[in-house]
Amino acid sequence: MTTNQRGALIFVIIVAAAIVFCGIIPFSILQPNGAAVAIPVITVPGEPYLKDWPSKEFYLTNTWAAIIVADILVVVLAIVAWRVSKGWRNEVPGRLQSIFELLGDFVYGLTKNFAGVKPLARNWLFPLAASIFFFLLVVNWMKLIPGVESVGVVHCAGHSDPEIGITVSTGYPKIDNRLWVASALNSGYPADEEDYHTCEEYKEGKLAKPEKEAIEAAAVLLTEEEAHLTESWEALPEAERPDAAAQEAALAALRLEVTESVWEHASIGLTANELKQGVIPYLFVITPYLRGGSTDLNLTIGLAVIVFFAIQIFGVAAQGPAYFLKFVNLTALGNAGKNPIGAIDFAVGLFEIVSEIGKIISLAFRLFGNLFAGGILLAVIAFLVAFLVPMVIYGLELIITTIQAFVFAVLTLVFAGQAMAGHHHAEEEHH
């Protein structure tokens, strides 16, 4: 077999596997049997568990809960490290202490490389960067734990307040929930306000669940009606026969009519097989109990603002009030008469203010964008190919989440190191 033939064979195998795992299994085997992977519902802000809980002024969101869990885990790890090292007095480290020392020495080595070994960097900047690194590492890795972002509180889908644009049931922004995918390449059924109210009535027990005998009778009736309708189309001449789209619309209307005969105000029409399986024809969404904290802009912007003010503090601590001369260069402006280029230096300092504020946006959106996109990728891949392929994406996400925690900590060191280094450059220039 030549190289091209071998490559063609591998290509055919890949295409066949994609067809089987992306089309045949999810939509031809799993979906008709009520076991297909649910279409992902993606929202940008953190999702409250319930509206007005614990109060009208404060909603407890799943991202905030995940951040609290991450804080607890970091504190627990710190306590464990302290205990196994006997307060860092254990001269012969064990295996667990060696791991903690390796990680700590790694961050301390970065601090020395980017900010030096002065007491300000060693005693203050290093703890800040290490805390950010380990905190983000736990927060980012948490979203990869099975059950996080997938197990949660069930809510009805579809209803929104037109004035404030939020879902009444949960409080998070309204999205077009297309939650019922009946076949491959189907965009799904969009939930609306009527679907929401019907679902709520079912949850509250106002709509009784039909008896098993009634459901089975409806399934038999639907099978007979579909067969009769199909036979009537086949009996027509080719020119008078409705096209495929019209036939599908007629079948959908028939299924909805039969489904509503046993399920009051059903949102979707079920097939005979789905009726027998006891599929509930109302639309729900799930608010996960925990969602990756880094997928919420509140966390990433908050951390970025902390780093921004920390940079200014380190700069002032190293240089004193002269640190602000790089933003408002009064010296260059005062010497503009002797050196006209000084006016340009003054203008450059004003642009430095924009650059400094831009660090907040850079730090916040880099972390948020990578982690949020990773979550979307995992959800989409699991929906399309719920077999083996998500494991590959999990491996990539493990690398990306680690790198993003590392990048945020390193940029903190770099920016703070630059703020402190300006003092030394000024002294050398003076001498």
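Some notes on this structure:
- Here is the figure for the range 197-222: residues that are under 42 Å from the mean Cα position of the chain (by Cα) and under 18 Å from residue 269 (Cβ atoms) total 11.
- Test: residue in the range 130-146 that is crowded, with 17+ Cβ neighbours inside 10 Å, over 25 Å from residue 371 (Cα atoms) and touching a residue at least 12 places away in the same chain (Cβ under 8 Å): no
- Selected residue [in a helix (DSSP H, G or I), over 30 Å from residue 129 (Cβ atoms) and either modelled with pLDDT under 80 or of a type outside the set (D, E, K, R) (or both)] from 361, 353, 399, 381: 381
- Yes/no for residue 415 being modelled with pLDDT of 85 or more, in a helix (DSSP H, G or I) and within 17 Å of residue 296 (Cα to Cα): no
- Residues of the range 77-104 satisfying the condition of being more than 20 Å from residue 125 (Cα to Cα) and among the charged types (D, E, K, R): 83, 86, 89, 91, 95
- Unmet requirement for residue 61, which otherwise passes all of (1) modelled with pLDDT of 80 or more; (2) farther than 30 Å from residue 137 by Cα: (2)
- Every residue from the range 200-240 that is hydroxyl-bearing (Ser, Thr, Tyr) and farther than 15 Å from residue 282 by Cα: 223, 230, 232
- In this structure, residue 287 qualifies as touching a helix residue (DSSP H, G or I) at 6+ places or on another chain (Cβ under 8 Å), outside any helix (DSSP H, G or I), within 30 Å of residue 135 (Cα to Cα) and among the polar types (S, T, N, Q).
- Checking every residue in the range 287-308 against the condition of being free of Cβ contacts under 8 Å to residues at least 60 places away in the same chain and more than 30 Å from residue 416 (Cβ to Cβ) gives zero matches.
- The one condition in (1) among the aliphatic types (A, V, I, L, M); (2) touching a residue at least 12 places away in the same chain (Cβ under 8 Å); (3) assigned to a helix (DSSP H, G or I) that residue 75 fails to fulfil: (2)
The values are calculated or read from the model by the stated rules, or taken from the named source; none is laboratory data. Keep in mind the model is a prediction, meaning the values are calculated, not measured. No Cβ is skipped: glycine too gets one built from the backbone with ideal geometry, and neighbour counts run over all protein chains shown.
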